[in-house]
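Peer 1: The structure follows.
Nothing in this text is a laboratory measurement; each read-out follows from the coordinates by a stated rule. For clarity, every value in this text was computed on a predicted model and none was experimentally measured. FYI the Cβ positions are ideal-geometry reconstructions off the backbone, even for glycines, and counts take in every protein chain you see.
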Amino acid sequence: MSDKEYKPVTVDKPIPNSFDLGNLATFDPNPLDNSKLKDSAQRNNYLTEVTRDNVQLLINQILSLPVKTTTDNHESSSTGQNSTMTLIQLPDPLAPLPREKAIPKARAMTKWEKFAAKKGIKSKAKDGKMVYDEETGEWVPKWGYKGKNKDLDNQWLVEVEDKVKNTENELIDPRTLHRQERKRLVKKNELQHKRNLKNGA
Amino acid sequence: MIRTVKPKNARSKRALAKKEAKLVENTKSALFVPGSTSNKLLHDAMCDLMALKKPHCKKFSKKNEIRPFEEAAELEFFSEKNDTSLMVFSSNNKKRPNNLTFARFFNHKVYDMVELSIQADDCKLLQDFKKLTFTIGLKPMFVFNGPAFDHHPAFQHIKSLFMDFYRGDETDLQDVAGLQHIIALSTGEIEDPNSTTLPMLHFRVYKLKTYRSNQKVPRVEIDEIGPRFDFKIGRRISPAPEVEKDALSKPKELEARVKKNVNTDFMGDKIGRIHVGNQDLGKLQTRKMKGLKAKYDQVEVDNDDEEFVSADEEPQPKRQKN
């Protein structure tokens, strides 16, 4: 075959194109001919011509980028063939395009976290939810269903605490007091959680 | 604002997490909304624009009485409800015939809008072309012809809009076989820079054909596959400067970290410099012998009687050997 059969792959432009290869785009700064664009008979051929030249330039640029070849193994499939893919490594996109949503902000520190950071308090290593119950010789949860913090609730005899003595609570069942205390702490924690969420927003 | 409740199960939690703002964002999806005055041509045009955008698109079938340039709240509601940040709205009236409003949203608020009016005389839909179509979900190539795209604000807007609309997934690896269709936008010269009438915008879509050229790169030919639209540019809303700044900002977390003390020499070898810290010969571990143990160290003791070391005494500070 002679060289004459092949059409050229180079394009000459008075002003060279700029490219945004990350978005596979090219920008041609050369002005188009308004008289041809206004004539409906010529318009489409003219546009096709100009676009072809620009696509040629774009393809030339894209194919000169570094290439990465990957091989997919299909040994498990019935054909047992490997397929190779030629992937072009694109640079980062240049065109500034707006985001869809704002950049997510980091979660605000809770009141405790701020305090701990100021005081240099490190959080304890988590040692799990279960604790060993020496009396029964079993592992029980620290809190929750059958939790260790409810030990007092079902004992037949409970000592009245010193701090309750000589107050109006002295005659109330210490088991009820204990349970109330637990419920109060849960409420308090919920309140703090809510406050942190409100302050963080 | 749409009321959000705390998700009660994992599925709704996942669905909400998908809508949240992310560092690396989802591909933008588009919503096609017919206006109350929409007609057959606009419907077909929207279908064709949607075919190019598939699978990241959604279409409303009912007409909506909205005037985007007067009251965009309803569009913002649609954007939030459907989690789409691109929208095409169609309307047709005597002053602005066959109008498509392209809107972009940031944080579900209108970011920018532009009206493009389809010129009916040279409009060819996808179905009018030969059956040569594009594969769904491929990234298109973009060609922008004309210097106006570089310096005129309206055309810069349109350039940014169409690239945003159709670029598809953001990726750094592109399959050669996936380079199939080209979206070309062209505009003529702006004849009178003072007049408000802008030249037409020509929207064309082509399919790529490559031929052997006896060289490394192939000879390229293109076939028009449609749709083909000529747009007249109408009203336009550009983003507010502070919103634009927010929208264009890049997250710091994604910036590539500069690797310190690593460089490549002229042979292409990677050379790293490391810090080994101060060398303290006093702490050097030499041969271990019983006689070198700390407790046998000879130091001046005040009274020789108390030579023994009791267990509950505090450990003495480490003395320098030799």
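Peer 1: When the helix-only estimate is applied to chain A (DSSP H runs of n ≥ 4, each -39,500 (n - 2.57), divided by the residue count), what is the mean residue ellipticity at 222 nm, nearest 500 deg cm²/dmol?
Peer 2: About -11000 deg cm²/dmol.
Peer 1: Over the Cα atoms of region B:186-260, what radius of gyration and what Dmax do you get, in Å?
Peer 2: 21.2, 55
Peer 1: Shifting gears a bit: Please work out the C-alpha center-to-center distance from region B:146-184 to region A:145-168 and express it in whole Å.
Peer 2: Result: 72 Å between the Cα centres.
Peer 1: Further, regarding this structure: For chain B, what is the mean residue ellipticity at 222 nm derived from helices alone (per DSSP H run of n ≥ 4: -39500 (n - 2.57); sum divided by total residues; nearest 500 deg cm²/dmol)?
Peer 2: My calculation for chain B gives -5500 deg cm²/dmol from helical runs alone.
Peer 1: Springs between alpha-carbon pairs under 10 angstrom, Gaussian network model over chain B: which of B:244, B:74, B:20 fluctuates most?
Peer 2: Residue with maximal mean-square fluctuation among B:244, B:74, B:20: B:20.
Peer 1: Of A:130, B:210, B:78, which is farthest along the charge dipole of the protein assembly as shown in the positive direction, counting Lys and Arg as +1 and Asp and Glu as -1 at C-beta?
Peer 2: B:78
Peer 1: Now a separate question. If I build a Gaussian network model for chain B, linking alpha-carbon pairs within less than 10 angstrom, which residue out of B:135, B:27, B:264 has the largest mean-square fluctuation?
Peer 2: In the Gaussian network model the winner is B:264.
Peer 1: In addition: I need A:197, A:97 ordered by Cβ neighbour count within 10 Å, fewest first.
Peer 2: Ordered from fewest to most neighbouring Cβ atoms within 10 Å, A:197, A:97 come out as A:197, A:97.
Peer 1: What angle do you read, to the nearest 10 degrees and between 0 and 90, between the alpha-carbon axis of helix A:40-63 and the longest principal axis of chain A?
Peer 2: Orientation of helix A:40-63: about 60 degrees from the principal axis.
Peer 1: For the charge dipole of chain B, defined by +1 on Lys and Arg C-beta atoms and -1 on Asp and Glu C-beta atoms about the Cα centroid, which residue among B:182, B:279, B:10 has the Cα displaced farthest towards the positive pole?
Peer 2: Looking along the dipole axis, the top candidate is B:182.
Peer 1: Cβ neighbours within 10 Å, averaged per peptide: list B:97-110, B:48-61, B:246-259 in order, most packed at the top.
Peer 2: B:97-110, B:48-61, B:246-259
Peer 1: How high is the FRET efficiency between residue A:125 and residue A:149 when r is their beta carbon distance and R₀ equals 22 Å, given to the nearest 0.05?
Peer 2: 0.60
Peer 1: With charges set only on the Cβ (+1 for Lys and Arg, -1 for Asp and Glu), what does the dipole of the protein assembly as shown come to about its Cα centre, in debye to the nearest 20?
Peer 2: Value, rounded to 20: 1320 debye.
Peer 1: Which of A:42, B:292, B:254 sits closest to the plus end of the dipole of the protein assembly as shown, meaning its Cα is farthest towards the positive end, when Lys and Arg get +1 and Asp and Glu get -1 on the C-beta?
Peer 2: A:42
Peer 1: Right, next: What is the helix-to-structure angle for A:174-200, meaning the angle in degrees between its Cα long axis and the longest Cα principal axis of chain A, kept from 0 to 90 and rounded to the nearest 10?
Peer 2: Rounded to the nearest ten degrees, it is 30.
Peer 1: Moving on. Taking every DSSP beta bridge with both residues inside chain B, roughly what % is antiparallel (nearest 5)?
Peer 2: Antiparallel: roughly 75 percent of the beta bridges in chain B.
Peer 1: Shielding of B:212-219 by partners, i.e. mean partner chain Cβ atoms within 10 Å per residue?
Peer 2: 6
Peer 1: Specify the residue with the greatest mean-square fluctuation among B:63, B:22, B:13, computed from a Gaussian network of chain B linking alpha-carbon atoms under 10 Å apart.
Peer 2: Among B:63, B:22, B:13, the largest GNM mean-square fluctuation belongs to B:13.
Peer 1: Charges only on Cβ, +1 for Lys and Arg, -1 for Asp and Glu: so what's the dipole of region B:53-137 about the Cα centre, in debye to the nearest 20?
Peer 2: 420
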